[in-house]
Amino acid sequence: MLKQKSIVLLMLVIILIVAVGCSDEEPEVNSEQVNEETLNESIGTEEDIEPLHVITTFYPYYDFVKSIAGEHVKVDQMVAVGADPHSYEPSPRDIIELENADIFIYNGLSMEPWIDDVLEMLNDTNVRILKASDYVSIREYRHDHDLDHEHDHEHDHDHDHDHDHDHEHDHDHDHGEYDPHIWTDPKNVIAISEQIKEILAEKDPNNKEYYSVNYRNFESELLKLHENFETIMEEAHSNIILVSHSAFGYLADRHGINEIAVTGISPHAEPNPGRLAELTNLAREYELQYIFFETLANPRTAEILAEEAGLEPLMLHNLEGLTTEQREAGENYISLMRQNADTIRKALVE
């Protein structure tokens, strides 16, 4: 009997030893899993790293950032799709978003009349601010710009407006009205985009090379646009364009185009009857066939002049913003400026 009990006890001991031996294999796997989880928690995964948040006031700068940064940043524009930057007012929510951004880009030159208050609110934040108009040469809007014979059709195509050109103005002038539409000249966009690239690399040095490559590709597309406009003006039979409002002065000055505007640099200004009569006479005297109107601007004035002078209306994109249809179609700065070149070619060459 004792012998049987001993055998039973021995078998129980053997079973316990085997069970403990099997359980000893488990912690090794669990240890690796714990170590891996701990490592992931300490360094984070690539998906956990928050991208830079860039906010721009309106469309062109949104496009420039996207062209350089791609999916490496989150980009928002303050002015909604289809809205007019001139009449926009930031909401309290916009300000809160802005205070938590990494980079803020605005145009300047009174394009954003509310900007001083916003900049004051950002004084005590870590937001990096870029004022685009600080990096290009500024033109003073000439109210009596019509048929300025300095821009004769036999213009010099080598008059690139670099930062030290003759028309450069002190930004502290307290007289005159400065043209804010700096983005309509691709050469200006190159200068501004270079600054965007530098700030992105400063804030996100790990992707510096990525930003540099994208900037060079974008610069190449912008230079092709510039060369296209140069070719058009070399072939042009006229250098006069009649536009609904003066949004293309930088492009015009760059390429020797004479821009005659129905209204000034504000798209909401209304010309008086005398001005309309004067422009009707000019259109007939110079045998103009077209008048250019713009997206996001009231076309009524241009339509009246077109009827009076027998002109065909054509669309020019001033790129202050996209319409909902343009956005859904995937249009961008480059594609719409190509359309502008084709339209100007139709008016001045064909």
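Select from region 211-222 the residues that are open to solvent by less than 60 Å² (accessible area, probe 1.4 Å) and either of a type in the set (Lys, Arg) or in contact (Cβ under 8 Å) with a residue 24 or more places away in the chain (or both) and list them in ascending order. Matches in region 211-222: Tyr211, Asn214, Tyr215, Phe218, Glu219, Glu221, Leu222. Restricting the first member to region 226-244 and to residues that are within 11 Å of Pro186 (Cβ to Cβ), and the second to residues that are at pLDDT 95 or above and open to solvent by 30 Å² or more (accessible area, probe 1.4 Å), the beta-carbon pairs closer than 6 Å and six or more apart or on different chains are His226/Lys187. Between Glu99, Glu28, Glu37, Glu71, the distinction of being of a type outside the set (Phe, Trp, Tyr), more than 19 Å from the chain's Cα centre (by Cα) and at pLDDT 90 or above belongs to Glu99 only. Taking the conditions exactly as written (surrounded by fewer than 19 Cβ atoms within 10 Å (Cβ to Cβ), acidic (Asp, Glu) and closer than 20 Å to Gln195 by Cα), does Glu97 satisfy them or not? When the stated conditions are applied, Glu97 does not pass them. May I ask you to list the residues in region 107-134 that are assigned to a loop (DSSP other than H, G, I, E, B), of a type in the set (D, E, K, R) and touching a residue at least 40 places away in the same chain (Cβ under 8 Å)? Scanning region 107-134 gives a single hit, Glu112. For Lys203, the criteria (1) modelled with pLDDT of 95 or more; (2) within 19 Å of the chain's Cα centre (by Cα); (3) buried (at least 19 other Cβ atoms within 10 Å of the Cβ) hold in every case but one, which is (3). Evaluating His143 against the criteria (1) modelled with pLDDT of 95 or more; (2) not in a helix (DSSP H, G or I) leaves one unmet condition, (1). On the stretch given as region 284-296, residues that are at negative phi, open to solvent by 20 Å² or more (accessible area, probe 1.4 Å) and out of contact with any helix residue (DSSP H, G or I) (no Cβ under 8 Å at 6 or more places or on another chain) total 2.
Hey, does region 214-231 have a residue that's closer than 28 Å to Ala83 by Cβ, within 18 Å of the chain's Cα centre (by Cα) and modelled with pLDDT under 95? Checked region 214-231: no residue is closer than 28 Å to Ala83 by Cβ, within 18 Å of the chain's Cα centre (by Cα) and modelled with pLDDT under 95.
Report, by residue number, each residue of region 232-249 that is assigned to a loop (DSSP other than H, G, I, E, B) and under 25 Å from the mean Cα position of the chain (by Cα). Passing the criteria: Ser246, Ala247, Phe248.
Here the strands (runs of 3 or more DSSP E) wholly within region 250-339 that include at least 1 residues being over 30 Å from Phe64 (Cβ atoms) and modelled with pLDDT of 90 or more are 312-316.
If only one of Ala252, Ala347 is of a type in the set (A, V, I, L, M), touching a strand residue (DSSP E or B) at 6+ places or on another chain (Cβ under 8 Å) and closer than 22 Å to Leu109 by Cα, which one is it? Residue meeting the stated conditions: Ala252.
The values are calculated or read from the model by the stated rules, or taken from the named source; none is laboratory data. All values reported here derive from a predicted model rather than from experimental measurement. A quick note on method: Cβ atoms are made from the backbone with ideal geometry, for glycine too, and the neighbour counts reach across all protein chains shown. Just the protein is used for accessible areas: all its heavy atoms, side chains included, with ligands, DNA and RNA removed. Shrake-Rupley method; radii C 1.70, N 1.55, O 1.52, S 1.80 Å.
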